[in-house]
Amino acid sequence: MKVLVCMSYIPDTTTKIRFREDNTQLDDTTIQWVINPWDELALTRAVELKEDAGTPVDEVEIVMVGGVRCEPILRKGLAIGADKATRIDVEPLDAFQTATQLAAYLQGKDCGFIVCGIESGDYNEAAVGGMLAELLDYASVSSVSSVQFDGVTPIYQRDVANGKEQVKVDGPAVLIVQKGFARVPKIPNMRGIMTARSKPLDVIPAIEVDPLVEFVMYTAPPSKGGVKMLNTPEELVRSLSDEAKLI
Amino acid sequence: MSILVYIRNVGGQLKKQSLELTAYAKAMADTLNLEVTGLVIGTIADDELKKLGNYGMSRLLKADDEKYNQRVNRVYTRIVEQAVNEVDAKYILFPDNAQGKAIAPRLSVRLKAGFIPQVLDLPSSYEPFTVKKRAFTGKAIATVTAHTERVILTPMLNSFGLRENARDLEIQSFEPHIEEPNSRLELVGKQLSEEGLQLADADIVVSGGRGMRSSENFALLEELAATLGAATACSRPVADDGWRPADEHVGQTGKIIAPNIYFAIGISGAIQHVAGVSGAKCIVGINSDPEAPIFEVADYGMVGDAFQIIPELNALFKKHIHENK
Amino acid sequence: MNFQLTEEQIMIQQAARDYAQRELIQDVIERDEKAIYPTEHIRNLAELGFLGMLVDPRYDGGGMDTVSYVLAMEELSKVDSSVGVIISVNNSLVCFGLEKYGTEEQKEKFLKPLARGEVTGAFLLSEPGAGSDATSQQTKAIDMGDHYLVNGVKNWITNGHTASVYLLIAQTDPAKGHHGINALIVDRHADGITVGPHENKMGMRSSDTHSVQFTDVKVPKENRIGEDGFGFKFAMKTLEGGRIGIASQALGIASGAYELACKYAMERKTFGKPIIRHQAIAFKLADMATEIEAARFLCMKAAWLKDQGQPYGIASAMAKQYAADMAMRVTTEAVQIHGGYGYVKEYHVERLMRDAKLTQIYEGTSEIQKIVVSRAIESGDV
């Protein structure tokens, strides 16, 4: 069974975010790009499922929409343990474009399920997974915390408001996953790093599609007024109730 | 034309979030001279739903056939789509939580409607539709426009607040036409969790870091949370070490929350952690290290031993809540 | 000239950094305090391939270049230089020596498990009476026809207790001076081997350092590395590469302390501003950054020469001496910048300062490195 993992790349989480061109563009000159952390967890779990002989998963492919600059990120995914990488050659302008590109490539692909990290750490849309499922007309299972198998049928566990549910889907599904799907991202080993270059990384052309929304400007978040240091628990309770009026 | 608000049905109960979302919709509606319409799916009593009228909703569609009690994203999307057509909704609002995230993007594709999540404020313009949203996990704010005929928004919890605006609410039964069976997704098991309050819904969050020193010591935070009706959370190292469940991890790579009060106890306040709570109205930092970076972002800070402070705080809050009942 | 790292090198650097910052950091203070060997970490790092990263994949190694090794050593040693030295000894002394000079049979039997990190190795050169002076070996390996009979004591042996494979340097024919020295592969569990108690060290306390006594230990002839009398040259050649490992370890100790000092200087406020805005502190940090960068270039140059197949003995001596002495200066300043906090264990820098001291001493003291460099100056090689 093949598992497809959709990945995006974001500025390293410790990077300072700056903008240029009158605050209309992200200043990417000093940014170090990394795999979006939720996607990295998705890939980690997919690779673990493949390495676990007790599951029917035997192949993991990663797919990314992006320009040539994201190839090192894909090769890191291959080093972590994906078997194949595909890059759809365009820098997308919004989540709809990303999802449409992915859907065009994934339509009809033989696979058990498709995994998407809940959101990306750049535009925080949490949109691509759901859009992709709709475009493919697949079921989407969100807040997935684990995958078990009943024979060759995947059973997805999802977190719901008052507990956990296990669900089964007739046909392929898009899983939207968050922390908990894997505990920590897998660190690639030397063998993985060495073989990453010999694994296939296909580049395919993008299709024409217009974005639905436009990012016109960026501003810095408002700065905080500064901390008020308190000396006793009594002062804290009083401040929260009388001053902030929150309790 | 109208504004449609998706009302989350949590086992027959409304969440405060839905009231806030209604108030947000009402503020838009007043500017545009439109009506606020709601949609709720699954079994829920009218008495509970009437609360929505207090915040400005005038009409509510109720798709309460029992077969819809089980959420299937694909089916729910189609129900909302039909409601959009029924009331000719130009703007569709979802809560910014797991359910909103599961359905709104699907609806966006079906309606070819611009989708803007994590909205921080009321729209600054309607021609073209322009609104501010959170970006780069709180490190920036993006101004986004949508030129599509319809627009879908998920305003962030607590970004707007509750504003009462009483209306007579007309509740109507709504029968969507869902051709296909519900069964593409089959429920094979369910476990109810003991702790009722979800992190994303909580007004108050009590969160602990490595400074709590062991998993056992989180009992102190659980007691404080119980007093305050708060949810518990933790920093990444705590979740990674298995002291707390992974779904309590708040931060850049965990949950992103925006409660009214966030207690950061024994949390140093690394940039990756703060990114998860930058939307909180009020951050309270309690740390033994006066130089901890949490005090750079906190509204209130206390330096000291959490093991001493927390029980005292707990007793004081108990007393305060009792006196103000 | 090109200072650009390859994608693979960056990935290895990140892998080492991720492991160090996520895992090693968790218990490094406790392991230092109680002198606990990092068994679990060494197993995990073996699975990631760090224990034999320089060995050819034919012998189950990682097949990485020396530049990657410098990057990995720096990242691991930023947090835990004890783990750094365990990996350094295994890679650049034991595995390197076996791969370069061992027979196919020896590689098959001893190198492969070492490269996979299933077992670790130790390098036994120092003696109570002969530390840096490798020519005056007192440990005897008497030629008994089909085997050597070994008697003597080795000390300051890193991995002395935990290793399964010893590379032993011993004197076979004192009359021939250093041409009478042999290098032997010895099973650590052979009869007649007694491992002394754990040395209670000032720093690098989580690595195990022991003396090892040999009493009538029989070592088969086929365990000799190279021709009869090759031992001294073997030791010298192996140490040339070892110096790159220790230099990178010192580099890591320094850059780890520097990063902590920077973070502290930006957060800590005195007289109403972060202390980095006080020139006394700012200039310290500027000097530290520059010295670290200089040491990094020396390490990289030596590693690059080795990867190019060019002589690197002098470059590695320069790198080791400069990086070790620099690490001592930088860690001392890092403690100073932290003030009182720097003197307590919780803030890590005091440990790094204690660890730095050892890099000036072992695998050839800073003074020995200066002998290597100055002799090269005299002979016109520099």
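The values are calculated or read from the model by the stated rules, or taken from the named source; none is laboratory data. In this text the structure is predicted, and so the values were computed from the model without any measurement. We place every Cβ from the backbone using ideal geometry, glycine too, and count neighbours over all the protein chains shown. Heads up: the accessible areas ignore ligands, DNA and RNA and are worked out on the full protein's heavy atoms, side chains in. Shrake-Rupley method; radii C 1.70, N 1.55, O 1.52, S 1.80 Å.
State, as an integer percentage, the relative contact order of chain C based on alpha-carbon contacts under 8 Å between residues 6 or more apart.
Taking the mean separation of contacting Cα pairs over the length of chain C, I get 16 percent.
Can you give the longest run of chain A that contains no GluC sites (Glu not before Pro) sitting in a DSSP loop with at most 16 other Cβ atoms inside 10 Å?
Within chain A, the longest run free of exposed GluC sites (Glu not before Pro) spans A:22-207.
Is it possible to state the helix-based mean residue ellipticity at 222 nm for the protein assembly as shown, with each DSSP H run of 4+ residues giving -39500 (n - 2.57), the sum divided by total residues, to the nearest 500 deg cm²/dmol? What is it?
Working: 27 runs with 333 residues, N = 954.
So the calculated ellipticity at 222 nm is -11000 deg cm²/dmol.
For chain C, take the longest principal axis of its alpha carbons; what is the angle in degrees between that and the long axis of helix C:313-338, to the nearest 10 within 0 to 90?
Helix C:313-338 and the main axis of chain C meet at about 40 degrees.
I'd like the FRET efficiency for C:Gln26 and B:Ala219, computed as 1/(1 + (r/R0)^6) with the beta carbon distance as r and R0 of 22 Å, rounded to 0.05.
On the way: r = 22 Å, r/R0 = 1.02.
Once the sixth-power term is evaluated, E becomes 0.45.
Estimate for me the total accessible surface buried between chains B and A (protein heavy atoms, probe 1.4 Å, no ligands or nucleic acids), in Å² to the nearest 100.
7200 Å²
What percent does the relative contact order of chain B come to when contacts are Cα pairs within less than 8 Å and at least six residues apart?
With pairs under 8 Å counted, the relative contact order is 14 percent.
In whole percent, and with a 1.4 Å probe on the protein chains, what portion of the accessible area of chain B is carbon and sulfur?
Ligands and nucleic acids excluded, carbon and sulfur reach 46 percent.
How much accessible area is lost when chains A and C come together, counting both sides, with a 1.4 Å probe, in Å² rounded to the nearest 100? Please report the intermediate quantities before stating the final value.
Working: alone 14090 and 16770 Å², together 29210 Å².
Roughly 1700 Å².
Using 0.36 nm per residue of separation minus the Cα-Cα distance, give me the extension gain between C:Phe283 and C:Gln336 in nm, one decimal.
Residue separation times 0.36 nm, minus the Cα-Cα distance, leaves 17.8 nm.
Compute the accessible area per residue over the protein assembly as shown, keeping the other protein chains in place, probe 1.4 Å, unit Å². Intermediate results must be reported in sequence, preceding the final value.
Values: 37560 Å² over 954 residues.
Accessible area per residue: 39 Å².
Tally Lys and Arg at +1 and Asp and Glu at -1 over the other residues with C-beta under 12 Å from the C-beta of C:Gly52: what net charge comes out?
Surrounding charge for C:Gly52 is 0.
Rounded to whole Å, give me the distance from the Cα center of region B:72-112 to that of region B:227-294.
When both Cα centres are located, 32 Å separates them.
Carbon and sulfur atoms: what percent of the 1.4 Å accessible area of region C:59-140 do they account for?
With neighbouring chains kept in place, the figure for region C:59-140 is 48 percent.
So the label point goes 7 Å from the Cα of B:Asp305 along Cα→C-beta, right? Which residues of region B:197-212 then have their backbone N under 16 Å from it?
Answer for this model: B:211-212.
Any residues in region A:130-147 that have 30 Å² or more less accessible area with all protein chains than in their chain alone, probe 1.4 Å, and which are they?
By number: A:Gly130, A:Met131, A:Glu134, A:Asp137, A:Ala139, A:Ser140, A:Ser142.
Take peptide B:128-138, look around each residue's Cβ out to 10 angstrom, count Cβ atoms belonging to other protein chains, and average those counts.
Mean partner shielding for this stretch: 5.
Taking chain A as the reference, fit the longest principal axis to its C-alpha atoms, fit the long axis of helix A:37-51 to the helix C-alpha atoms, and give the angle between the two in degrees, 0 to 90, nearest 10.
Value to nearest ten degrees: 30.
If R0 is 25 Å, what FRET efficiency do you get for C:Lys109 and A:Ser146 from their C-beta distance, rounded to 0.05?
E between C:Lys109 and A:Ser146, to the nearest 0.05, is 0.05.
Using a 1.4 Å probe over the heavy atoms of the protein chains, calculate the carbon and sulfur portion of the accessible area of region A:2-243 as a whole percent.
48 percent
Semi-axes of the equivalent ellipsoid of region B:164-297: what are they in whole Å, largest first, if each equals the square root of 5 times a C-alpha gyration tensor eigenvalue? Don't jump to the answer; show the numbers that get you there.
Details: eigenvalues 244, 83, 43 Å².
Equivalent-ellipsoid dimensions as semi-axes: 35, 20, 15 Å.
Other chains near C:260-267: what is the mean number of their Cβ atoms within 10 Å of each residue's Cβ?
The per-residue average across the peptide is 1.
Please enumerate, by chain and number, the lysines with C-alpha under 17 Å from the C-alpha of B:Lys50, excluding those fewer than 8 residues away in the same chain.
Leaving aside lysines fewer than 8 places away in the same chain, those within reach of B:Lys50 are B:Lys15, B:Lys16, B:Lys26, B:Lys62.
Work through the residues other than C:Met288 whose Cβ is under 11 Å from its Cβ and net out their charges, Lys, Arg +1 and Asp, Glu -1.
Taking every other residue near C:Met288 into account, the sum is -3.
How far is helix C:349-359 tilted off the main Cα axis of chain C, in degrees rounded to 10, range 0 to 90?
On a 0 to 90 degree scale, this one is about 30.
Please figure out what share of the DSSP beta bridges in chain B is antiparallel and state it in percent, rounded to the nearest 5. All intermediate terms of the calculation are to be shown ahead of the outcome.
On the way: 11 of 57 bridges.
Approximately 20 percent, going by the DSSP bridge assignments.
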